[in-house]
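The values are calculated or read from the model by the stated rules, or taken from the named source; none is laboratory data. Given the structure is predicted, the values throughout are model-derived calculations rather than measurements. Methodologically, a virtual Cβ is constructed for each residue, glycine included, from the backbone with ideal geometry; neighbour enumeration extends over all protein chains shown.
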Amino acid sequence: MPGVLEGQAAVITGGGTGLGAAIARLFAGEGADVVVAGRRLAPLDEVAGATGGLAVVADVADEADVAALMGRCDAAFGRLDVLVNNAGLSGPIATAEAMDMAEWDARFAVNARGVMLCIKHALPMMKRTGGAIVNVSSRVALYPKATRSAYAASKAAVHAITESVAQEVGRHGIRVNTLVPGAMRTPMTDGLIAERARAEGRSAEEIADETYIQPAVLKRWVEVEECARAALYLASAAASAVTGTHLVVDAGRA
């Protein structure tokens, strides 16, 4: 049986590790030609090798890089049906009073500007056939926490981009949705926990249990593959009437 993305091409930013890599592997298994983009070639090459895809080094905050990324997809596959805006920066852990504004700007450069740049340069190709855009956000955009203002605000901007652009491009058969993961054990999450452990003088295990596991109804982490399957749903014809919305996958976290 053909996969649900058979004959389609997908660009996945932040595709070398974590959720992006899981999405790339799942999409390729469902028949898609995948382009994985990120700032480090080695992990991208590994994912591309496993999926038969294309690895492209690109900084999503750089417009020239993004334009070249979409051009590489067009040259390789002649189409773009699915864009997954997964690239992101977590942190910093800082109060408003102590905020390093360079750190603030860096989060918005990747988490918000990067999403908009990828959409901007993907749309000319996507208008040919229609398709789906999946913007990866975070639960903290819906429920901001103390000392997380930079990350929370940059991810909240993703929700606004989703709703606005969905209204612009629906007439072209393009759907735009946000995937809102809960706590997944990824390198990004491990880095965040380690940063908090240093700042608070506590163990990483204590912070993980208290902050991520116990508040969840299912009393566990969300598996990366579970969020990848949610991304596949939003990208596929199964979600053909779903646009401008935000799908939360968080194990019932309170």
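Restricting attention to the range 137-175, the residues that are within 17 Å of the chain's Cα centre (by Cα) and either assigned to a loop (DSSP other than H, G, I, E, B) or not assigned by TED's automatic domain parsing to the domain that holds CYS227 (or both) total 3. Scan the range 75-103 for residues that are over 22 Å from THR186 (Cα atoms) and surrounded by 15 or more Cβ atoms within 10 Å (Cβ to Cβ) and jot them down. PHE77, ARG79, LEU80, ASP81, VAL82 - these are the residues of the range 75-103 that are over 22 Å from THR186 (Cα atoms) and surrounded by 15 or more Cβ atoms within 10 Å (Cβ to Cβ).
Here's a check for you: in the range 184-204, which residue that is of a type in the set (A, V, I, L, M, F, W, C) and at pLDDT 85 or above is farthest from GLN214 (Cα to Cα)? Before the answer, list the steps.
In the first step, residues of the range 184-204 are kept if they are of a type in the set (A, V, I, L, M, F, W, C); the result is 184, 188, 192-194, 197, 199, 204.
Filter once more, so that each one left must be at pLDDT 85 or above: 184, 193-194, 197, 199, 204.
Working: MET184: 14, ILE193: 15, ALA194: 18, ALA197: 17, ALA199: 21, ALA204: 14 Å.
Among them, the one singled out is ALA199.
Residues in the range 6-32 that are under 19 Å from ILE174 (Cβ atoms) and buried (at least 24 other Cβ atoms within 10 Å of the Cβ): ALA9, ALA10, VAL11, ILE12, THR13, ILE23, PHE27, ALA32. Restricting HIS159, HIS121, HIS172 to residues that are surrounded by fewer than 17 Cβ atoms within 10 Å (Cβ to Cβ), modelled with pLDDT of 95 or more and not hydroxyl-bearing (Ser, Thr, Tyr) narrows the list to HIS172.
When each of ALA24, ALA42 is tested for being modelled with pLDDT of 95 or more and under 17 Å from the mean Cα position of the chain (by Cα), the lone residue that passes is ALA24. Let me confirm something: among VAL11, VAL57, which residue is modelled with pLDDT of 95 or more and closer than 26 Å to GLY130 by Cβ? Matching residue, one of VAL11, VAL57: VAL11. Looking only at the range 90-118, residues that are touching a Lys or Arg at 6+ places or on another chain (Cβ under 9 Å) and modelled with pLDDT of 95 or more come to 3 in all. Looking only at the range 195-230, filter to residues that are in contact with a Phe, Trp or Tyr (Cβ under 8 Å, 6 or more places away or on another chain) and of a type outside the set (Ser, Thr, Tyr); which one of those is surrounded by the fewest Cβ atoms within 10 Å (Cβ to Cβ)? My answer is ILE213.
Scan the range 85-92 and tell me whether some residue there is in the same structural domain as ALA166 (by TED's automatic domain parsing), closer than 22 Å to VAL115 by Cα and among the hydroxyl-bearing types (Ser, Thr, Tyr). Checking the range 85-92: at least one residue is in the same structural domain as ALA166 (by TED's automatic domain parsing), closer than 22 Å to VAL115 by Cα and among the hydroxyl-bearing types (Ser, Thr, Tyr).
Checking each residue in the range 237-254 for being surrounded by 18 or more Cβ atoms within 10 Å (Cβ to Cβ) and part of a loop (DSSP other than H, G, I, E, B) picks out THR243, ASP250, ALA251.
Residues checked against (1) charged (D, E, K, R); (2) farther than 17 Å from GLY14 by Cα:
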site: VAL180; (1), (2): no, no
site: PRO187; (1), (2): no, no
site: GLY191; (1), (2): no, no
site: GLU195; (1), (2): yes, yes
site: ILE213; (1), (2): no, yes
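Yes/no per residue for (1) acidic (Asp, Glu); (2) over 30 Å from LEU26 (Cβ atoms); (3) in contact with a Leu (Cβ under 6 Å, 6 or more places away or on another chain):
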residue: ASP65; (1), (2), (3): yes, no, no
residue: ARG79; (1), (2), (3): no, no, no
residue: LEU83; (1), (2), (3): no, no, no
residue: ALA94; (1), (2), (3): no, yes, no
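Cβ-Cβ contacts under 9 Å between residues 6 or more apart (or on different chains), taken from a first residue in the range 189-212 that is without any contact (Cβ under 8 Å) to a residue 12 or more places away in the chain to a second residue that is of a type in the set (S, T, N, Q), are listed as ALA197/SER203.
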